[in-house]
Amino acid sequence: MQGSSRQPKIAVAGSINMDLVLRCSQFPKPGTTIVAQSYDEISGGKGANQAVSAAKAGAQVSMLGRVGDDAFGGRLAGGLNKHGVDCSHVLATPNCESGLAMIMLDPTGQNSIIFVEGANGQFTPEDAGQMRDVIQSSDAVLLQLEIPLETVLEVIQIATSANVRVILDPAPVPEGLPEELLKVDLICPNEHEAEQITGIAVDSHEQALAAAESLYKKGAKHVAITLGSRGTFLFDHNGGRLIPAFETKVVDTTAAGDAFAGALAVYWTQHDDLDEAVRFGNAAGAIAASRMGAQPSMGTRSEIEGLWKSIK
Ligand code: RIB
């Protein structure tokens, strides 16, 4: 379907978490106790956030993953359904808690996250094998690393054997990341993850180019390193270029990268123009950063287009 603008089909295999969000005036120092200004439970998880982003940007989205049999499991699946994400491949896991993320948010919108895998850790390669049909009938598959790496590898193998485009957000970067994971159509780390994988700190244009080239040489066909307020550094067979960010008033950066990946996947599968897809993703990321929370912060297609078309 590449090149047309029919509704793309996107499968997202990844984590589904409840985010426990504490707003505080500063991050606590080791050995100290601070008082939070507020506490909220907000649906999140890198996989589920990307699914919501892609659905709101106009795709038909299937979520592949696991939740626990606790109260959060039902709330998380129900929330995805409300955003139009198909959850028929979200499995309930007996005697298991749903994934959780403890998020501390400071007044500048920066966060600090501790992730507890819960049921996400039970999403096996065998589960993914049972979902072969939905993966292979999609235009693109989105993956992150909050589920077992063997499962991510299995999904990549199932997708690539059917020529389905694979987009990997390599977050969080584990110790000893297997290099086969990098052989995807597009990898989209943030600057910290790019440094963790390549050993190159991404502080300048030259360093972004070196890190992106290194990921390209490791087998990624396209590389998009997100650089926050600076934009996204894109590298492929045409070389490297910076696609600038849209200005935004930052409220909460949680899931801005997920908004980027989901929206980019939609535009790329619809129009096959990666530079423009990155701009579209940058607009989605800017909208998400201007709002509180993970899934509630995702922009609609018309909101993203409004910002994206405002600077042409
Ligand atoms: O990318 C943001 C997400 O990371 C949060 O929603 C949290 O669940 C963690 O997985």
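The values are calculated or read from the model by the stated rules, or taken from the named source; none is laboratory data. Keep in mind it's a predicted model, so treat the numbers as computed, not measured. Methodologically, a virtual Cβ is constructed for each residue, glycine included, from the backbone with ideal geometry; neighbour enumeration extends over all protein chains shown. Surface accessibility is based on the protein's heavy atoms, side chains included, excluding ligands, DNA and RNA. Shrake-Rupley method; radii C 1.70, N 1.55, O 1.52, S 1.80 Å.
Quick look at the numbers
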item	result
Any hit, the range 110-124, residues being in a strand (DSSP E or B), open to solvent by 20 Å² or more (accessible area, probe 1.4 Å), in contact with a Ser or Thr (Cβ under 7 Å, 6 or more places away or on another chain) and closer than 27 Å to I304 by Cβ	yes
Strands (runs of 3 or more DSSP E) enclosed by the range 1-96 - at least 3 residues per element that are open to solvent by 50 Å² or more (accessible area, probe 1.4 Å) and within 16 Å of the ligand (Cβ to nearest atom)	38-44
So D169, is it within 20 Å of D70 (Cβ to Cβ), out of contact with any Phe, Trp or Tyr (no Cβ under 8 Å at 6 or more places or on another chain), buried (at least 16 other Cβ atoms within 10 Å of the Cβ) and touching a residue at least 40 places away in the same chain (Cβ under 8 Å)	no
Cβ pairs under 7 Å, 6+ apart, first in the range 35-54 and farther than 26 Å from D86 by Cβ and touching a residue at least 60 places away in the same chain (Cβ under 8 Å), second open to solvent by less than 10 Å² (accessible area, probe 1.4 Å) and within 11 Å of the ligand (Cβ to nearest atom)	D40/V21
Contacts under 8 angstrom Cβ, first residue in the range 125-138 being under 15 Å from E150 (Cβ atoms), partner open to solvent by 30 Å² or more (accessible area, probe 1.4 Å) and part of a helix (DSSP H, G or I), 6 or more apart	P125/E150; P125/L153; P125/E154; A128/E154; G129/E154
Of all residues making up the range 177-211, the number that are assigned to a loop (DSSP other than H, G, I, E, B) and either touching a Gly at 6+ places or on another chain (Cβ under 6 Å) or in contact (Cβ under 8 Å) with a residue 60 or more places away in the chain (or both)	2
Filter result for the condition that a residue is within 14 Å of K46 (Cα to Cα), away from the ligand (no atom under 13 Å from the Cβ), in contact (Cβ under 8 Å) with a residue 40 or more places away in the chain and under 17 Å from the mean Cα position of the chain (by Cα), over L143, L100	L143
Condition check for E146: closer than 24 Å to F72 by Cα, of a type in the set (D, E, K, R) and in a loop (DSSP other than H, G, I, E, B)	yes
Breaking point among (1) within 14 Å of the ligand (Cβ to nearest atom); (2) acidic (D, E); (3) over 19 Å from L186 (Cβ atoms), for E247	(1)
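For (1) out of contact with any Lys or Arg (no Cβ under 9 Å at 6 or more places or on another chain); (2) not polar (S, T, N, Q), each residue gets a yes or a no:
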position: G74; (1), (2): yes, yes
position: G79; (1), (2): yes, yes
position: K82; (1), (2): yes, yes
position: V85; (1), (2): yes, yes
position: S88; (1), (2): yes, no
position: A92; (1), (2): no, yes
position: S98; (1), (2): no, no
position: M102; (1), (2): yes, yes
position: E117; (1), (2): yes, yes
